[in-house]
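The values are calculated or read from the model by the stated rules, or taken from the named source; none is laboratory data. Nothing here was measured: the structure is a model prediction, and the numbers come from that model. No Cβ is skipped: glycine too gets one built from the backbone with ideal geometry, and neighbour counts run over all protein chains shown.
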Amino acid sequence: MKSKLFLLFFLYVTLTFSQGNEKLEKIDNYIQKSMNDWKMPGFAVAIVKNDSLIFSKGYGVRDIRTNEPVDENTNFMIASCSKAFTTAALATLVDRGKINWDDKVIDFLPSFQMYDTYVTKEITIRDLVTHRSGLATFSGDILWLGSTYNSKEVIKRAKFLKPTSSFRSKYGYQNIMFSVAGEIIPVVTDTIWSDYIKAHFFNPLGLNRTTTSIDEMKKLGNFAFPHKYENDKLTTFKDFYSIETVAPAGAINSNVNDMSKWIRLQLKKGKFNGKQIFSERQANEMWSNQTPIENMNYGLGWFIRYWNGKKLLNHGGGMPGMISDVSIIPEENFGLVILSNSETGMVTAIRNYIMETFFLPEAKDWNKTMLENWKRRIENFEKENKRREEVRIKNTKSSLPLEKYCGIYEDKMYGKAEVLLKDGKLFLQFLPSPTFKGELKHYHFDTFYIDWEDDFLTRGWVKFDMDFNANIKHFTIEVPNSPDFIFTELFFERSK
């Protein structure tokens with residue numbers, strides 16, 4: 001009898017293992033095909049099941065200029081996937097009785113101010129990390145990406161960000177609010193965010209190649225460089241765009257091997273190799289619905305939805321030339337991480353394909369679907385540029401000589417910009433952001449367009465307005481295809 005039971009168990013394990021291998025082989029082949037379809041430079045994937053790393057592999061190259069291969073230890077910027085590290089760090093402080101999620105922010109940061117004095121007095125730590133401050137998605141990001149402002153200056157200027165909804169009524173994705181949350185850590189521990197993250201997660205989990213700065217990552221070597229498409233040609237950015245000014249929102253750089261350990265910690269609800277890093281109670285709190293977003297919710301550092309009848313925790317990350325994704329299905333003891341060094345829809349396609357391959361009878365061709373969606377996205381960008389050209393009033397000229405537009409202008413929230421004349425041409429320079437500059441070319445009347453020198457920015461339109469004495473008083477700006485900046489929240493008034 002015992003021998004029969006053993007034989008049945010052996011056959012079950014062998015069959016399960018074989019099926020697992022078939023799925024992984026199918027996924028591997030699909031990724032390799034997708035690399036060609038998307039012309040993806042570099043890509044890496046890891047899959048965790050039942051507290052074990054069952055798949056870990058790199059594809060393509062770190063940098064098309066060197067052709068060095070991506071492997072499972074190649075570091076990428078994980079960007080906003082860092083947010084779950086920040087909420088986990090705060091959770092450890094809740095466990096220790098140092099803070100509560102519903103503590104008022106000004107109790108720890110008395111100088112912190114929001115646009116509305118009521119919100120200043122009432123906003124809590126929970127509000128900071130659940131995107132319900134009343135601010136618009138990406139509002140204020142122009143303060144830190146590419147600018148020379150430090151973190152304290154960025155947070156100080158947040159008081160000028162005008163809300164677009166009432167407090168706690170609507171979702172608005174906020175990097176600056178996460179940065180504020182990270183500033184609470186040194187107040188109660190005398191340890192800055194980066195050192196606290198290293199001591200409480202990197203070291204105990206053995207994330208030996210994970211860093212919180214670009215310089216650290218470069219010193220370690222084996223890192224992926226950001227790429228982009230320019231005139232249908234794959235090329236590299238000049239350098240990394242740093243997110244360290246708002247580090248708690250996204251400054252971590254990691255690889256799929258290290259991130260697989262982070263997924264194991266999440267699936268074990270705060271426990272890793274027998275050590276409880278944060279409590280199961282706080283794991284459940286971070287995974288609980290906080291802010292509704294259409295057909296899903298945001299928790300504490302995680303997007304939450306139901307997929308195939310089961311809870312799916314997910315967070316993506318994006319920086320110029322980098323896209324990442326971490327997804328977890330707790331009921332299946334399953335998780336995956338995907339890292340890439342080009343901004344495309346391939347990350348989402350592969351994530352969906354992996355989950356469906358494991359848990360549905362047959363996976364859709366998500367690669368085809370996302371390629372079609374991506375093509376439509378590019379076409380929409382082109383349509384907007386074409387529409388702007390069609391509505392342009394032809395054969396007009398600026399109302400005043402070009403030198404009359406020159407001067408220093410200031411937006412209360414962002415800071416100063418300068419319009420200047422060089423060799424008979426008009427130029428715009430955002431002073432806190434050295435690369436946000438370019439020639440202003442006449443569009444119609446007192447509106448000009450700008451093709452920025454910065455790698456990341458798309459074409460913008462600058463409109464000047466004057467008073468009744470024909471003096472230029474201010475300008476506004478639109479960048480309709482901008483991925484992350486809300487230029488329309490800027491109002492530059494002439495100061496000099």
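A quick yes/no check of all residues on (1) in contact with a Cys (Cβ under 6 Å, 6 or more places away or on another chain); (2) on the phi > 0 side of the Ramachandran plot; (3) in contact (Cβ under 8 Å) with a residue 24 or more places away in the chain; (4) surrounded by fewer than 21 Cβ atoms within 10 Å (Cβ to Cβ):
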| residue | (1), (2), (3), (4) |
| --- | --- |
| P248 | no, no, yes, no |
| F278 | no, no, yes, no |
| W287 | no, no, yes, yes |
| M296 | no, no, no, yes |
| W307 | no, no, yes, yes |
| G321 | no, yes, yes, no |
- Item | The lone exception for I192 - which of (1) surrounded by fewer than 20 Cβ atoms within 10 Å (Cβ to Cβ); (2) touching a residue at least 12 places away in the same chain (Cβ under 8 Å) it fails | (2)
- Contact list, first residue from the stretch 198-224 and closer than 16 Å to S82 by Cβ, second anywhere and among the basic types (K, R) and part of a helix (DSSP H, G or I), beta-carbon distance below 9 Å, six or more apart or interchain, is L205/K261; L205/R264; L207/K198; L207/K261; T210/K198; T211/K198; T211/K219; T212/K198
- When you look at E343, is it farther than 30 Å from K425 by Cα, of a type outside the set (V, I, T) and out of contact with any Pro (no Cβ under 8 Å at 6 or more places or on another chain), yes or no? no
- Query: Does K425 fit the bill of being at pLDDT below 95, surrounded by fewer than 19 Cβ atoms within 10 Å (Cβ to Cβ) and over 18 Å from K496 (Cβ atoms)?
  - Reply: no
- Within the stretch 155-171, can one find any residue that is part of a helix (DSSP H, G or I), without any contact (Cβ under 8 Å) to a residue 60 or more places away in the chain, charged (D, E, K, R) and in the same structural domain as G301 (by TED's automatic domain parsing)? yes
